[in-house]
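First up is the structure itself, then whatever we jot down about it.
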Amino acid sequence: MRGDRTRKESAYGLPLFGDVYTEPFSEGEIRELIAFNRTRLGRKLLDRMPELMRKSMEKTHEPTMAELQRWMERLSRELEEKYQLK
């Protein structure tokens with residue numbers, strides 16, 4: 001797997017998610033992010049990130065699933081009408 005990494009990804013030690021950061025951020029910005037992550041606040045943010053992500057997903061899960069259910073019901077009705085399935 002190590003040989004599959006791009007030069008840019010391996011330079012930052014991000015073999016799996018390198019492009020997540022290298023696409024939107026310049027090399028200088030990545031260096032600033034690294035510096036920030038070494039600060040007390042940066043370490044606190046990194047430490048709490050899993051919990052923040054979990055809470056964010058919990059808040060979006062229910063409305064997303066409700067919208068998906070409405071979309072599936074509408075699609076089902078449209079297919080039934082189009083192909084006269086009922």
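Quick notes
- The listed residue being surrounded by 10 or more Cβ atoms within 10 Å (Cβ to Cβ), modelled with pLDDT of 85 or more and under 18 Å from the mean Cα position of the chain (by Cα), out of Leu52, Leu14, Leu75: Leu52
- Every listed requirement among (1) loosely packed, with under 12 Cβ neighbours inside 10 Å; (2) at pLDDT 95 or above is met by Lys82 save one, (2).
The values are calculated or read from the model by the stated rules, or taken from the named source; none is laboratory data. On a predicted model such as this, the values are computed, not experimentally measured, just so you know. No Cβ is skipped: glycine too gets one built from the backbone with ideal geometry, and neighbour counts run over all protein chains shown.
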